[in-house]
């Protein structure tokens, strides 16, 4: 199976192509802004390096959040466009599970895994996984000070770009928590692995509804208020 995976959901932009479970082309760049301009050239680079074109692929995969609202929309729109244009199925995975997938097989050593991502607000985006990377809790937006209340007493391996804040809060509450050596941001290369496994399990169909974004908070931007009452009254005829 040949997969194109895309991520623009957080503080980076990445694209990767895998062929029969092996990543054959990969680009990753830290990018707080500019994913809309950076993604298409990155996709062109990995296609050229892999010797592939979009119609020759089998699956498009994309991260669905949680993350930045604009970044999520960029990745989902691009993935949906590629899939529709080439008649390919599309599959989504959360940023939290993609970050967890970057942990080496030996590193958990029996410990549960907490993924903690920076929400750019007072809380963190978090999810707990088993040592075998199976989700054992739902994705949540939680303040660092509230993490201990939602977790057991077992040792934890913490990964993500907010791992430092999470580890400090957990240790302050008396829990055994250690930061992971794995990268703290989603990477399309790890998404390829998840997408290949999930596609084998679910056989995604061409034309199925595209994956929906996972938002754990409301956007900061609010719809414009009805300003009708502020308009000057209509002149009488």
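The values are calculated or read from the model by the stated rules, or taken from the named source; none is laboratory data. Only a predicted model underlies this, so the values are computations on that prediction, with no experimental measurement involved. Cβ placement follows ideal geometry from the backbone for every residue including glycine, while neighbour counts extend to all protein chains displayed.
Some points to look at:
- The set of residues in the range 185-214 that are in contact with a helix residue (DSSP H, G or I) (Cβ under 6 Å, 6 or more places away or on another chain) and either buried (at least 22 other Cβ atoms within 10 Å of the Cβ) or without any contact (Cβ under 8 Å) to a residue 40 or more places away in the chain (or both) comprises 186, 190, 191.
- Here residue 85 clears all of (1) surrounded by 15 or more Cβ atoms within 10 Å (Cβ to Cβ); (2) within 30 Å of residue 204 (Cβ to Cβ); (3) at pLDDT 95 or above except the condition numbered (1).
- Residue within the range 94-101 that is over 26 Å from residue 199 (Cα atoms) and touching a strand residue (DSSP E or B) at 6+ places or on another chain (Cβ under 8 Å) present: no
- Which numbered condition residue 117 misses (of (1) modelled with pLDDT of 95 or more; (2) at negative phi; (3) assigned to a loop (DSSP other than H, G, I, E, B)): (3)
- Condition met for residue 231 (farther than 28 Å from residue 28 by Cα and at pLDDT 95 or above): no
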